[in-house]
Ligand code: SF4
């Protein structure tokens, strides 16, 4: 399902964004890009003092590195700090707080054990959060449910935790948003390219629509799933025999919260509030 041929930079003019290594930036002139690097000093060095307008955000994939070069550069540029292992990298989040003064900062946390504490700490430090990953283990699901509970009921949470935030709003407004798009994995909207400029095998299927249609046509669990619209078969990637009981509980929790919120709003409106 992956394309191992290097993508010509002028290709896919309809695409919203390429996610590319910083080193490939000059190969994509005039194209909107998200830049990715393990070395926080690489982008300031390559791009110079002014961040080009084409750069939508900068993704840093190694939080053990010295983040100081980003604290004095790129005012207003959004940063996405990617945790590799939330269980072991939790203390590293404290080192990232100095970036908030200059940048909107999101922390991407994999759906792995350790995520619940990482989400809690990240939002308490003022970061937005994106939970990323396809097929969490039972322990990962348990922690995702804990994180959801904290997101829904902790009144001090002031930053969005995706995909909870947007899926909840989608249920509330009866217009569910798809996880592939929400989590920046839909190849119709973003292409994640590796160091050679080829589509990363981690991105997912070449077409979300085809993937979803195939799952339904093949009679997979998705066919009768009440969450097909927001999910789009996201959790059946890459193993189609993944048991979705746990992740369905996440969707159920979000739908119940949306129903409760809708009822609360209706009750409030009925009082003339
Ligand atoms: S939750 Fe599982 S069964 Fe339901 S649509 Fe998503 S991948 Fe398919």
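Any read-out appearing in this document is the output of simple, stated calculations on the displayed coordinates, not a laboratory observation. All values derive from a computational prediction rather than experimental measurement. With ideal geometry, Cβ positions are generated from the backbone for all residues, glycine too; neighbour counts draw on all protein chains shown.
Computed per residue of the chain from DSSP H runs no shorter than four, each worth -39500 (n - 2.57), the mean residue ellipticity at 222 nm is -9500 deg cm²/dmol. Computed extension length for residue 139-residue 175: 9.9 nm, one decimal, from 0.36 nm per residue of separation with the Cα-Cα distance subtracted.
Largest mean-square fluctuation among 16, 105, 141, in a Gaussian network model of the chain whose springs join Cα atoms under 10 Å apart, belongs to 16. For q = 0.11, 0.15 Å⁻¹, what log10 I(q)/I(0) does the chain give under the Debye formula with an equal point scatterer on each alpha carbon and no solvent? For the chain, the Cα-only Debye profile gives -0.68, -1.21. Considering the chain as a Gaussian network with a 10 Å cut-off on Cα pairs, which listed residue, 91, 40, 21, attains the greatest mean-square fluctuation? Among 91, 40, 21, the largest GNM mean-square fluctuation belongs to 91.
Above 28 Å, the calculated P(r) of region 1-153 contains 27 percent of its Cα-Cα pairs. Distance in nm between label sites at residue 84 and residue 64, each 7 Å beyond Cα in the beta-carbon direction? The two pseudo-label positions are separated by 0.6 nm. For region 17-270, averaging the sequence separation of C-alpha pairs within contact (under 8 Å, six or more residues apart) and dividing by the residue count gives a relative contact order of 15 percent. Computing Rg and the Kirkwood Rh from the Cα coordinates of region 148-273 gives a ratio, Rg/Rh, of 1.05.
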